[in-house]
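*Asks:* My questions will all concern the structure given below.
The values are calculated or read from the model by the stated rules, or taken from the named source; none is laboratory data. Quick caveat: nothing in here was measured; it's all calculated off a predicted structure. Counting neighbours? That spans all protein chains shown, and the Cβs are built from the backbone with ideal geometry, glycine included. Calculation scope for accessible area: heavy atoms of the full protein, side chains included, ligands and nucleic acids excluded. Shrake-Rupley method; radii C 1.70, N 1.55, O 1.52, S 1.80 Å.
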Amino acid sequence: MTFLPPDRMNAGLLIRYARRRLAPNRADIIALFLIAGGAVLVTQAARTMGRPLSGLNVAPISLDPRNLPMYAALTTLRMFAALACSLLFTFVVATLAAKSKKAELVIVPALDILQSVPVLGFLTFTVTFFMGLFPGNEMGVEAAAIFAIFTAQAWNMAFSFYQSLKTLPEDLDEAARQFGLSPWQRFWKLELPFATPALVWNTMMSMSGSWFFIVASEAITVGKTTVALPGIGAWLSVANERGDGWAVLWAVITMGVVIILYDQLLFRPIVAWADKFRAEQTASQDPPRSWFYDVIKRMRLLPRLVVPMTVALNRLPAPQAPQIRLPEIRNPQIARGLDWLWLAVVIAMALWGGWAVISFVSRTLTLGDAVQVFGLGALTLARVLILIVIASIIWVPIGVWIGLRPIWAERIQPVAQFFAAFPANVLFPAVVGVIVALRADPNIWLSPLMILGTQWYILFNVIAGAAAIPNDLKEAASMFHLTPRSWQWWRTVALPSIFPYYITGALTASGGSWNASIVAEVVTWRHQNIEAAGLGSYIADATSAGDYPKVALGIGVMSIFVILLNRTLWRPLYGFAARRLHL
């Protein structure tokens, strides 16, 4: 027997330990290749975005399929930049609305208005502003496009996070109070984890929904100003103008590949990771799976490289919000009087804003124009309500079925994201051809385009609600012999559990349908133009003509309709869900 000296033995053990623990494995190599490829794409795309504005005229949009990979990278980069802004907006604004009744009084109606304002409405008044921030540089137009995509993402995510915070389980809230968590600890350890599963699904829906408006965001036309940013949206716009069906098909295929890539490499791993935040007392029997999440968990080298950074971040002091100590008001009459004073200030601000819009519009338009626009708004309202009812009847049962089966949710998720991202512009050739051939009524047969992209808000939220049903509740239902085949199970288990999520989906689908009306009520293919009477076509025509008073009038009337609908229907249902149907 041969004995090694201690120094040689320690060296051998260290080498074997290093090979076993620190040497990169296949998972590390896969991750490194993906990170390097993503860094190259982001760098190349960012370099393209920083060109002088004149470069857009020098290199116009080309329908050569070899340009599609770079166009897809640019579009994806804009969408993820907007998504980062949307997440920051959600965490700040939705949390403030859920925690402060006075802030809620302002924020929730503002979100109602903002989600109803069409993307073209934002672009009409923001393109000039952003171009002024970056004079002579493409970054100004890029900022306007990113902001337009942000407006197609943020409101849905904010409503989802707000709904989760308002339906926080009482036992978890009481436990946080007993442990004396600070506001930051409460947000980081309780509120954000509880809201994460629903927020993940709504983030996916927001990403898919932003594809629906990518044409308006990248091919910006406001009056005499026309700017086409290189991307899939601008490609589709040029293809529609030229009537090039093959180019449209190439764009759809590329869009599908991009959706599958970020679904498999980003959203599926996040869904699998977020499953641990479900509020339940028993473990899930069929947790969601992700092959890339398994790759991440098998990595050796990269986690150890990240450990020092994680340790350093954990040692940093937690961010502290500035402590503003207001004098405590113990007199209930004074407190009530201050509440009424705040309400009066909010109403005064709203009246001032309304008066400013009326003064601007009345310079060129008359009362008869306003009556006409309200009539057009009533037509669009009827379409929205009918389509929401039809979509709910179809997608609520399907969403519950998918949400209760994680394996099927894993298979259907990328398919649903693709159809949710499907731009209405792609269907223009078929729609125009069918309407012209059959001499069909555009007021009826253009309506389905309104719900084409927004119906998925209902499906994704219902899936999230069904997936969040605690296993102990499902086991209790099975002990009482309640199955999904019985109405009693739907009435006592499924519908109450998904109702808060459904309201969020239906509310955002309603607002999104109003927004989509500007695309759906005006269809153009080659030299044929078909319009349906409604508020969306009115705003689209006014935007194309650069008639700002008509644009302002249309957006104002649309905001009034959306606020009335939300106040009389969706908000009462929200309150009912928060009072009676949270865990």
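*Asks:* Take residues that are of a type outside the set (A, V, I, L, M, F, W, C) and tell me which of the helices (runs of 4 or more DSSP H) falling wholly in region 428-519 contain 2 or more.
*Replies:* 428-438, 442-445, 455-467, 471-479
*Asks:* Among (1) crowded, with 24+ Cβ neighbours inside 10 Å; (2) in contact with a strand residue (DSSP E or B) (Cβ under 6 Å, 6 or more places away or on another chain), which single condition is Glu531 missing?
*Replies:* Unmet for Glu531, out of (1) crowded, with 24+ Cβ neighbours inside 10 Å; (2) in contact with a strand residue (DSSP E or B) (Cβ under 6 Å, 6 or more places away or on another chain): (1).
*Asks:* Checking Cys85 against (1) modelled with pLDDT of 90 or more; (2) open to solvent by less than 50 Å² (accessible area, probe 1.4 Å): exactly one of these is not met. Which one?
*Replies:* It is condition (2) that Cys85 fails.
*Asks:* Then there's this: One residue is enough: does region 490-508 have a residue meeting the conditions polar (S, T, N, Q), more than 14 Å from Val400 (Cβ to Cβ) and over 15 Å from the mean Cα position of the chain (by Cα)?
*Replies:* Checked against the condition, which is being polar (S, T, N, Q), more than 14 Å from Val400 (Cβ to Cβ) and over 15 Å from the mean Cα position of the chain (by Cα), region 490-508 yields no hits at all.
*Asks:* Could I ask something else about it? Would you please name the residue that is farthest from Phe161 (Cα to Cα), looking only at residues in region 456-495 that are at pLDDT below 85 and of a type in the set (Phe, Trp, Tyr)?
*Replies:* Taking the candidates together, the pick is Phe480.
*Asks:* Need at least 3 residues that are buried (at least 23 other Cβ atoms within 10 Å of the Cβ) per element, so show me which helices (runs of 4 or more DSSP H) inside region 131-220 make the cut, counting only ones lying wholly within it.
*Replies:* 138-166, 192-212, 214-218
*Asks:* Name the single residue that is surrounded by the fewest Cβ atoms within 10 Å (Cβ to Cβ) among those in region 402-415 being in contact (Cβ under 8 Å) with a residue 60 or more places away in the chain and in a helix (DSSP H, G or I).
*Replies:* Ile407
*Asks:* Follow-up question, since we're still on this one. Within region 96-113, count every residue that is surrounded by fewer than 17 Cβ atoms within 10 Å (Cβ to Cβ) and closer than 12 Å to Val562 by Cα.
*Replies:* So the count comes out to 1.
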